[in-house]
Structures are given as structure tokens and as C-alpha cells.
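So the structure is just underneath, and the comments pick up after that.
Throughout, read-outs are computed from the coordinates displayed, never taken from laboratory work. What you are looking at is a predicted structure, and each value in this text was computed from that prediction instead of being measured. All Cβ positions, even for glycine, are placed from backbone atoms using ideal geometry, and neighbour counts span all protein chains on display.
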Amino acid sequence: MVEHVEHRSGLVRTVLGLVPAQELGVVLIHESLLSVMPGAEYAPEIDMDKSKIFDILHRKLTGFRRSGGNTIVDHRGMFHGRDVKLYETLSKTTGVHIIASTGLGPERMLSGYFTTPQTHPPTPWPAEQFAGLFIKEVMEGIVVPRVERSGPAGIVTSIATQSGIVQIEENLFRGCAQTGMATGVPVSLQYGANALKDLEMVLSEGIEPHRVIIGGLDRLDAVKRKEAFAVAERGAYVALDHVGWSTREGYIDDRERARLIAELFEKGLGERVLISTNAVGCAKGHETKDIDFNYLLVQFVPILLQAGVLNEEIRILLEENPQRVLAVDAPATVKRETAAGSKQK
Amino acid sequence: MGKVNTVLGPIASEDLGITAMHEHIGFGLPGCDLDTQWWKKPEEAFDVTIQKLRRFREHDGKTFVDCTGIGNGRDIEYFQVLSRRTGVNIVAVTGFVAGDSALPYFRNKTVEYLTNLFIHEITVGIDGTSAKAGAVKVGVSREGLSELDQRIYRAAARAAVKTGVPIITHLSTEPELAIDIFESEGLPLNRVLMGHADVGQDADEERDKMIASRGGYVGFDTIGYDKEMENAPYWSRPRQDRVKHFLSFLEKGFLERAVISADANCCALGWPGLKGHSVNYLFEEFIPDLRKAGVAEDVFEQLLVRTPANFLTMQEPSLKANPLSNNDIGCVPIIKS
Ligand SMILES: [Zn+2]
């Protein structure tokens, strides 16, 4: 059982341990490394060869590193293929800092343990129960299911159904807020149908706005409603996290995205903006957009410059803002647990 | 007589011996592995599981049908080791305990996909092993027989027709709808065990009679979930109510359509389990209860040996296509046995 205490803020929980925020360099805050639709691992047609998965991710992370990237946040939560042991090895072998997330959602990606417990009636999990699960992943380490706890989660995430947040997702969002408050890690949420409304619901838990990231704000509907401005003015972080995606997929294209970013800086909201590509390094059991981790640095940064965004502003977007939001807010104890060491029930 | 798939390969039906038809090495709802409150030391889980299986052997138990579906803790390599170390035949199933415990990847799949998945696990192997499933598990979701449940039932029926293995259901609620699906796919009801008919809140003697008189098997297979037990789960029931329910079924002349099992976990995965409950309750509590009620010894031979062998023996695969099964024009073959 390893136990140590953070002595100051400004530290980030990576899969290899605590790292000072300013050492994170260029950060992609909303990406997925291994993304497995729950259950795909049991399907005979899905190839789960771990050496191939490693090769793909290693190649993509190395490409990211060569383009000037330093840190990647895997924001897919605890039940979508997350393989923290693989991430540790990838981080060691590529030099890229990896921050793993805890969290669950959207509803359609949940499983029976959370939605239909063996009670009568089968009441879905409330916020406090989700918070209990997530807090442990930050404070005691990420679970390697039924084996051990590993390094800590550095962020808590959830996703709402795009047609509108449903009850169990509201429980998840509130549970994430409680986790953020208890542990100091940031809370990253993909809104449902209305970003500001979802944000207010989360803030009603008492979490400070600057600990909350609202993702998906480059969705067509959000841009039309100017939600990015409203969310930033409320003090939360705005993630324009579909760089490289376009109208066919329901998002504004890169030129419009660059203009939106320039406008946010003009309005003095630049320090609340985060950008990322929502790329999937290796997808199993689901379709995904074909985009590399280096797309943002190689393709999108020139578009930003063309749109009049200054080099200094780009540095703020890619380094200062993500470093600030990822830095853990409060001191907290980190300890480990293994299957052999956990309490017998 | 025929053969049955076990996790260590097919065996002769004659070799099944005393068989518990609906049991679990360990069951948990998908996702429970993420919650450390249920984690156990692997050596202790192994130890308690071996002890229960060994006691099952001491009762002359020979075959243990594990009804844990895909994603609910079914662990084929573990079953193989347990079988080798204890001498108990373990029959694994393909399928799902119910639609609401199917993982997201499988929820939107077509009947054709699910059929092929089940056939793959019955004829090729489970989870990359060569261990083949001996039955298909289907079941009713918590809110009732859902659209997904019905897709799984239909796929299971097609896989059963194609491969000759039987179907075991979790719950017997909404039996008419379930039976319609089986029959519309050309699966005779004597290939179906309608399970958990003895669950307290669902008990319905008219339904039992209907299933049995149409040739189906009726599962009294949550035996031991007695209200008298400490921390009994919601599906438990007063001990003597179950005994009476079962005796009443036998009195109607349905001995050959009756199945008994305990639905016990050797070592529960994502829930506390029921302390003190195991497959051995059948021998140590239930059969003595029946003896006390005057049930003759040869009845037990039927319940524990002959019926399981009849049911589990793989039928000649029916390779004939069933072109009517893709539409619902009401032109369904009614098969009576
Ligand atoms: Zn069962």
C-alpha cells in the first residue's frame, strides 16, 4: 500500500504519477486512446490483439510528440476500453504524458450494474453513488477490474444524450461535480441539448465554474445559440473539441471554428477556451472519425493563424488553459488497493 | 443417446448423471467489476467454489449447468480449471441473462447477428477457446419482455433449431409471447426450459400447466431463496410455499416436465449472494422436504438424471431453412409434442 500526500496545488494526476502542470506542454484535452464499445471485447469478430493495439497507439502518440505535442487526456471514462496499464507503458515509451479519466455515460453506454440493480424496484444509481465510485478512482487509483488499483484518474467525465440529458445522466453529471469538489480534479462534460442549462444544473451542486469544462460547444446547434460565449461568461471552460470535424457530422468546420476562437479572444474570454479533436486512437466495436492526434498541430494551427489568432493566443489555448484547468485544486491523499488487499465482503 | 457440450468438450448424455440445470459459478451484472466493494481474493474465491463443487460431487452430483450469459461473469477458462480439478462436468451457455444485462455492443444487433453469435459459441467456441456452449440463455428484463429480449429469444430459437441445443429462460413471465416466438421459429417447446417459475411474486399455476401441457419444461430453479434466510433477496419466497407449489405441479402429472435447481452462486460477483446457499441445498434441504411430503425415490432419479439428459442432449440439427420466420404474417407452424 503506497501512500503519499500532495504538498501543493499545481500538480496534475497522470497515469505515471503527479506532474507539475507547467511541465505538461501542449495538451489535447478531449481525446480517446483505446475506445471499446462495452461488450465488443466478447464478440468473436473483434480482434483484441493487445500488441496490435499497442502498435497503433504508439505510432499515433509518437506522431503527436514529433509535431510538438506533450500531453493527451483520455476522456472516455472508466467503461469504454480504458486500459490504464497499457497507457502507463505507452507514456513511458513515447514520452507523452497521459491523463486517464474516471466517469461514465452516456446512458446508452451504461450497463445493468448501474441501470437495473438487483433491488426491487431496480432504481438506477443516484448521484452520490456514482460520486463514491469516481472519487475512489481519483483518491485510491484507477481500477484494473478485479485485479488492482493503479495510478490515479486526473479528470472526471460524463456525456449526456445529445437529444437532451436524461435522468441517470443528470445523476452522473451531479456525481461528477461532487467528485470534482471532493478531489480537486476538473469535471469534463459533454452537454445534452442545452449547454448552459446542463452547466447550471451542475453548478447547483456547489462546484466552482472554473472547475468545469463543457465539451461539444462547436456543435452546430450550440454555435447557433452562441453557447460558447454564455458558458465562458459564466466562468466555465469552453471546449471546442471537434477540431477537424465538419457540418456533415454536426459540427462547424475548421474555418468557422477558428473564427469562433478569434471572437472569443476578442471578447476577452480566451482564457476559458480549450481545443481538441475528439480523435480515437484505436476504436473497437464502433465507427469513428479518421483523424490523427497530430491533426490539430499540423493542420488546424495554420488555420488559426490565418484567422488572425496570435501565436501567444495559440499558446494560451494549447498550454496555459489546459494546464490551469488540469491542475488539481486541493491537496489529497493517494493510496492503492489490490484484489488481494481489498476487504473481503 | 447423444451428446452434450461441456467446457472440456462434448460428453455422452449417459455420462451427465445427476445434473443441476440452472446454477452459477459466479454471476454479476455487467459493470460490477469496476466496483471494488465486490472484489474478493482470487485464492479465496477459488477455495470456496471448489468446496461447493466438491460437496456437490459428494452428493453424487456430476454435471453443473452454468447459466451465466455473455458479460455476466461467464469465465470459460476458469470453468475449465474448476471442472478439471473437481471432476464436475460444467456446461456453459451462450446468450444473455436478459436484454437489460446485454452490454451496449450487443443491444442494437439484428436477429441475424445474434443468431450467428450464438451459433458461433455453440459450434466453434466461446471467447477464443474451443469450449462450446451447451444451451442458450435468454430472459425477461426487469420492466418486462422488451423488444431486445424478444430479438434475443428469436435469435436463440433459430440457433437452437440450427444446432440442436436447448434454451433456458430467466423468468417465465409473459409466456405466451415467448412461446409464440419459439413456435414461429419452428422450435418445439420441449426444447425450452421456462425457468424461475417458482419465483414468489411470479408464481402462477395456470401458466405452469399451460407450458407443461404444450411440452415445455417448467423450472423450479430458484430453490433455496427462502424468505426465512437472512438478507434474502426480493425474489425469495417462504420455503414451504415453494414446496407446495412444486408438489401441486407433480400432482397434476407433470413430473416429466419439471426441472429443479438452486440458481445459487458458488461465489457471487456483483452482489452479496445469499449466505449459506449453494447447489447443495437441493440435496440437503429440498429433497428431504419432498421425502417428508411422501415423494417416492424414483421421482428424484427422474428430476435429477433422466429429465436433464433428455433436455440437454443435442438434437439432430435441423438445417432446413424456415423462410416463414422472417415475417409475421401469422402463418406459423404450430408444433405440439
Ligand atoms: Zn440464474
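Please compute the modelled spin-label separation between B:Ala296 and B:His59, points set 7 Å along Cα→Cβ, answer in nm with one decimal.
2.4 nm
Working from Cα positions, state the angle (0 to 90°, nearest 10) between the long axis of helix A:254-266 and the longest principal axis of chain A.
80 degrees
If you take each beta carbon of peptide B:37-44 and count the beta carbons of other chains within 10 angstrom, what is the mean? Could the numbers behind the result be given before it?
Numbers: counts 6, 4, 15, 7, 7, 4, 2, 2.
If you average over the peptide's residues, the count of other-chain Cβ atoms is 6.
Between B:Tyr113 and B:Lys275, what length comes free when the chain is fully extended (0.36 nm per residue of separation minus the Cα-Cα distance, one decimal in nm)?
My answer for the length gained is 54.4 nm.
In nm, what is the difference between 0.36 nm times the number of residues separating A:Glu312 and A:Glu23 and their Cα-Cα distance? If you can, show how the numbers build up before the last one.
Working: separation 289, 0.36 × 289 = 104.04 nm, distance 1.77 nm.
Taking 0.36 nm per residue and subtracting the Cα distance, the gain is 102.3 nm.
Of A:Leu11, A:Leu110, how do they rank once you tally other Cβ atoms within 10 Å and put the fewest first? Kindly include the intermediate steps, with their values, before the conclusion.
Working: A:Leu11 20, A:Leu110 23.
Result, fewest neighbours first: A:Leu11, A:Leu110.
Using R₀ = 45 Å, calculate the FRET efficiency as 1/(1 + (r/R₀)^6) where r is the Cβ-Cβ separation of A:Arg248 and A:Gln129; round to 0.05.
Working: r = 39 Å, r/R0 = 0.87.
According to the calculation, E is roughly 0.70.
Could you please state, rounded to a whole Å, how far the C-alpha centre of segment A:95-144 is from the C-alpha centre of segment B:11-55?
The two parts, judged by their Cα centres, are 25 Å apart.
List the lysines whose alpha-carbon lies under 26 Å from that of B:Lys275, not counting same-chain residues fewer than 8 positions away?
Straight-distance partners of B:Lys275: A:Lys343, A:Lys345, B:Lys40, B:Lys41, B:Lys52, B:Lys62, B:Lys137, B:Lys227, B:Lys244, B:Lys292.
Ranked from highest to lowest mean number of other Cβ atoms within 10 Å per residue, what is the order of the peptides B:176-188, B:240-252? Intermediate results must be reported in sequence, preceding the final value.
On the way: B:176-188: 19.9, B:240-252: 16.4.
Result, highest mean Cβ count within 10 Å first: B:176-188, B:240-252.
How well do other chains shield peptide B:20-30, expressed as the mean number of their Cβ atoms within 10 Å of each residue Cβ? List each step's numbers first, then the result.
Details: counts 0, 0, 0, 0, 0, 0, 0, 1, 4, 9, 10.
Across B:20-30, the average partner-chain Cβ count within 10 Å equals 2.
Report, as an integer, the average count of C-beta atoms from other chains found within 10 Å of each Cβ along A:27-39. Walk me through the numbers on the way to the answer.
On the way: counts 0, 0, 0, 0, 0, 0, 0, 0, 0, 1, 5, 8, 10.
Other-chain Cβ atoms within 10 Å of each residue's Cβ, averaged: 2.
Quick one: if the Förster radius is 22 Å, what FRET efficiency do B:Arg85 and B:Asp127 give, using the C-beta to C-beta distance and rounding to 0.05?
Values: r = 20 Å, r/R0 = 0.90.
The pair B:Arg85/B:Asp127 has a calculated efficiency of 0.65.
Say each of B:Glu251 and A:Lys92 gets a label point 7 Å from the Cα, pointing the same way as Cα to Cβ; how far apart are those two points in nm?
7.0 nm
Using Cα pairs under 8 angstrom and six or more residues apart, how large is the relative contact order of chain A, in percent?
On the way: 757 pairs, mean separation 85.1, N = 345.
Relative CO of chain A lands at 25 percent.
Rounded to the nearest 0.05, what FRET efficiency do A:Asp55 and B:Lys41 have when you use their Cβ-Cβ distance and R0 = 30 Å?
Calculated transfer efficiency: 0.30.
What distance in nm separates the two pseudo spin-label positions at B:Ser213 and A:Arg66, each 7 Å out from Cα along the beta-carbon direction?
7.6 nm
P(r) for segment B:3-328: what percent of alpha-carbon pairs falls in each 20 Å bin, starting at zero?
35, 61, 4
Where a ≥ b ≥ c are the square roots of the eigenvalues of the C-alpha gyration tensor, would you call chain A rounded, which needs a/c under 1.5, or, failing that, prolate if a/b is larger than b/c, or oblate?
In terms of gyration-tensor shape, rounded.
Would you mind checking segment A:177-201 for residues with the amide N under 14 Å from a putative spin-label position 7 Å along Cα→C-beta of A:Glu233?
Residues A:196-197 fall inside that zone.
Find the percent of Cα-Cα distances in the protein assembly as shown that exceed 41 Å, and round it to a whole number.
Roughly 35 percent, once rounded to a whole number.
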